[in-house]
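In what follows, a single structure is set out as structure tokens and then discussed.
The values are calculated or read from the model by the stated rules, or taken from the named source; none is laboratory data. Model, not experiment: these values are computed from the prediction. Here the Cβ positions follow ideal geometry from the backbone for every residue, glycine too, while neighbour counts run over all protein chains shown. Accessible surface is based on the protein model in full, side chains and every heavy atom, while ligands, DNA and RNA are left aside. Shrake-Rupley method; radii C 1.70, N 1.55, O 1.52, S 1.80 Å.
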Amino acid sequence: MSLVYLNGQFMRPEQAKISPMDRGFLFGDGIYEVIPSYGGRCVGFTAHIQRLQTGLDALEIHCALTTEDWQQLVQQLIQRNGAGNLGVYLHVSRGADHKRAHAYPKEITPTIFAYTFEIAAEPQAERDKAPRYKVMTATDLRWQRCHIKSTALLGNVMHHQQAAALGLNECILFDEQGFLTEGSSTNVFIVKDAVVITPPLSHKILPGITRQLLLTILREHSSMPVQERAVSKTELLAADEVWLTSSSKEVAAVIEVDGKVIGTGKPGCVWQQAQSLFCRYKYSF
Ligand code: PDD
């Protein structure tokens, strides 16, 4: 039986009820996280909770839970849901007011919701078996605060849907100057002449935890050159390899962008090295 957490209690999903006056519902006024967990072990737990706290601070949402409280909550939720391959979803909205008004209400208690969902088994680094992603590109039409992991995801959802409607896996976005930002739900890396390149952190992208772990792992455990710098669309299309990173995908190989085959049309050699290093070191943070 699956159990969810809402405001201090574990319960069956159908018992979890929130007010329609909740600002998460009315305004998307909240922050969320998705943490992967395999057999009860979370990947990047502390980094995920730090990002959650940074987002809450940015929105001035005062949530009393400490990292230890989150740890306990997440562990209980995982155990109560079978401790298999799980995505742990955490969501803190500003809470429910008695009226709809744009300004932040003063006296308001955040709504805290968490649940788990099944995810695929831990990604491996096998070139023949790894998922192969086909993607499209588009101009990034989201807001100017993409570094905040807000529950207001309509911009991302619409971009993702553009790709899904064409039977594609992801929509890779470029800013108005023609530089790569990220995917609708992933960060993007390219490989050219054995150099691993990804756009630098800014308000235009989410500081992905997988991105952060991967950069640290490559810098500490490989001799691969790594660059954080602007990437143009021409460069992306001419790349030897293109990767997407996210908590559930880890490092995923893209084999086609806008119908153009990338590299050999298969997950590449550098991808294999990067994903194997990721598998090996991802729990060491
Ligand atoms: N998406 N960029 C965006 C816009 C994202 O939504 C995500 C994650 C990422 C990758 O971040 P991370 O490595 O921390 O998972 C990058 C999540 C998983 C989601 O919305 O479901």
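Things to note:
- Using R0 = 35 Å, the C-beta based FRET efficiency linking Gln71 and His203 works out to 0.75.
- Ordering Thr186, Thr216 by accessible surface, largest first, gives Thr216, Thr186; the 1.4 Å probe counts only protein heavy atoms, with every chain in place.
- Counting DSSP beta bridges with both ends in the chain, the antiparallel % (nearest 5): 80 percent
- Debye log10 I(q)/I(0) for the stretch 5-103, one point scatterer per Cα, at q = 0.13, 0.20, 0.25 Å⁻¹: -0.50, -1.09, -1.42
- Placing a label point 7 Å from the Cα of Lys129 along the Cα-to-Cβ direction, none of the residues of the stretch 208-234 has a backbone N under 11 Å of that point.
- Arg229 sits with roughly 80 Å² accessible to a 1.4 Å probe, with DNA, RNA and ligands left out of the calculation.
- Annotation: per residue accessible area for the chain equals 48 Å², rounded to a whole number [probe 1.4 Å, protein chains only].
- Förster-model FRET efficiency, 41 Å R0, Thr139 and Asn7, C-beta, rounded to 0.05: 0.55
- Between helix 45-58 and the chain: long-axis angle, C-alpha atoms, 0 to 90°, nearest 10: 60 degrees
- Counted residue by residue at 0.36 nm each, then reduced by the alpha carbon distance between them, the extension gain from Tyr89 to Leu154 reaches 21.6 nm.
- Accessible surface of the chain, 1.4 Å probe, proportion on carbon and sulfur as whole %: 53 percent
- Cβ charges +1 (Lys, Arg) and -1 (Asp, Glu), total dipole of the chain, debye: 240 debye
- Residue (of Gln79, Gln53, Pro123) at the positive-pole extreme of the stretch 36-151, dipole from beta-carbon charges: Pro123
- A simple count of charges around Asp57, restricted to other residues whose Cβ falls under 15 Å of its Cβ and scoring Lys, Arg +1 and Asp, Glu -1, yields +1.
- With Cα atoms, 0 to 90° folded angle of helix 269-281 axis to the chain main axis: 40 degrees
- Peptides ranked, highest mean first, by Cβ atoms within 10 Å: ranges 6-15, 91-100: 91-100, 6-15
- For the pair Thr234 and Gln79, label points projected 7 Å from Cα toward Cβ lie 5.8 nm apart.
- In this rough spin-label picture, where each label sits 7 Å from Cα along the Cβ direction, the Ala16-Tyr283 distance is 2.6 nm.
- Rounded tilt (10° steps) of 67-80 against the dominant C-alpha axis of the chain: 90 degrees
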